[in-house]
1. Give region 148-160 a look and list any residue that's part of a loop (DSSP other than H, G, I, E, B) and either open to solvent by less than 30 Å² (accessible area, probe 1.4 Å) or more than 16 Å from K171 (Cβ to Cβ) (or both), or say none.
2. Which numbered condition in (1) modelled with pLDDT of 95 or more; (2) part of a helix (DSSP H, G or I); (3) farther than 30 Å from G93 by Cβ; (4) not hydrophobic (A, V, I, L, M, F, W, C) is the only one that Y185 fails?
3. Please enumerate the residues belonging to region 32-60 that are touching a residue at least 60 places away in the same chain (Cβ under 8 Å) and farther than 25 Å from E184 by Cα.
4. Just a yes or no: is a residue in region 131-147 within 15 Å of the chain's Cα centre (by Cα), in contact (Cβ under 8 Å) with a residue 24 or more places away in the chain, surrounded by 21 or more Cβ atoms within 10 Å (Cβ to Cβ) and assigned to a loop (DSSP other than H, G, I, E, B)?
5. Inspect all residues belonging to region 49-70 and state whether any of them is part of a strand (DSSP E or B), in contact with an Asp or Glu (Cβ under 6 Å, 6 or more places away or on another chain) and farther than 25 Å from G93 by Cβ.
6. Just need a number here: residues in region 174-187 that are among the charged types (D, E, K, R) and touching a residue at least 12 places away in the same chain (Cβ under 8 Å).
7. If you go through region 148-161 one residue at a time, how many are in contact (Cβ under 8 Å) with a residue 40 or more places away in the chain and touching a Pro at 6+ places or on another chain (Cβ under 9 Å)?
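The values are calculated or read from the model by the stated rules, or taken from the named source; none is laboratory data. Owing to the predicted nature of the structure, the values given are computational and were not obtained by experimental measurement. Note that we place each Cβ from the backbone using ideal geometry, even for glycine, and neighbour counts take in every protein chain shown. For accessibility, only protein heavy atoms count, side chains too; no ligands or nucleic acids. Shrake-Rupley method; radii C 1.70, N 1.55, O 1.52, S 1.80 Å.
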Amino acid sequence: MCTSFVNKEKNIIGMNFDNNGMKYSIKKNDSSFVILVNIEGRNMPSFGVTNEGVFINSQFTKENEEGKYKRTKNAVHMTRLVSEILSKKINSGEIETILEDKEIVNVPSMSCHSMLVDSEENVWIVEPGRPIQKHPHTDSSPVALTNFSLYDYKTKNEINGVGIERYNEIKELLNNTSFSTPQEYFKLLRNVSQNGTWKTDFSLVYSKDENKVYYCENQEFDNVKEHQFI
């Protein structure tokens, strides 16, 4: 299970990667910063950000029948969407068209949803099988995502999945706390970090103003590393 957020007023994106023991690795270069997860011997992109400020992730959520894997000409599965955005096969200007024209589905035996941010700070919540929710760049409200359907929560007041406590805490902190530097957002990520079956193994803060990724592993929130895009 994971937690992610966007603070548009400060041009900040943050994420906790909560892991149940899967092996992961970091792939970083001048073009992108990507976390790969090893699934059945294959390193698959889980989340990351490009040097143009495009961010996408995949977070586990409760299975949705309408979002299950299907093979049709019009369907794009989540892993492909994440991979092609982070590799820039899909550029920022094409994102909205693809989301409008294609049906986003899950991969077999997995259920995820996604927070997607383009280079203009438009934000989409992509939930396979449910309508895509757009938060345009003109809306400065913070956006957060955990592991329940935001569509069901906002339209039917139903919580399908888990993570409402983390979601509420993130929203409250973003609305009521002033952060002076990107590093200070790790205090927020520390507050919603997890242990147990799902343990926070990796935390990331991206500053668009600096075009820099700050990150730490194993909840070492006082040992933050940096990756500067050129």
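1. S149, E158, N160
2. Against the list (1) modelled with pLDDT of 95 or more; (2) part of a helix (DSSP H, G or I); (3) farther than 30 Å from G93 by Cβ; (4) not hydrophobic (A, V, I, L, M, F, W, C), Y185 comes up short only on (3).
3. Listed by number, the list holds a single entry, F60.
4. yes
5. The answer is no, given that none of the residues of region 49-70 is part of a strand (DSSP E or B), in contact with an Asp or Glu (Cβ under 6 Å, 6 or more places away or on another chain) and farther than 25 Å from G93 by Cβ.
6. 1
7. Keep residues of region 148-161 that are in contact (Cβ under 8 Å) with a residue 40 or more places away in the chain, which gives 148-149, 160-161.
With touching a Pro at 6+ places or on another chain (Cβ under 9 Å) added as a condition, the list becomes none.
Selection size over region 148-161: 0.
The rows are residues; the columns are (1) open to solvent by 30 Å² or more (accessible area, probe 1.4 Å); (2) closer than 15 Å to L145 by Cβ; (3) touching a residue at least 60 places away in the same chain (Cβ under 8 Å); (4) of a type outside the set (F, W, Y).
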{"site": "G163", "(1), (2), (3), (4)": "no, yes, yes, yes"}
{"site": "E172", "(1), (2), (3), (4)": "yes, no, no, yes"}
{"site": "N191", "(1), (2), (3), (4)": "yes, no, no, yes"}
{"site": "G196", "(1), (2), (3), (4)": "yes, no, no, yes"}
{"site": "N211", "(1), (2), (3), (4)": "yes, no, yes, yes"}
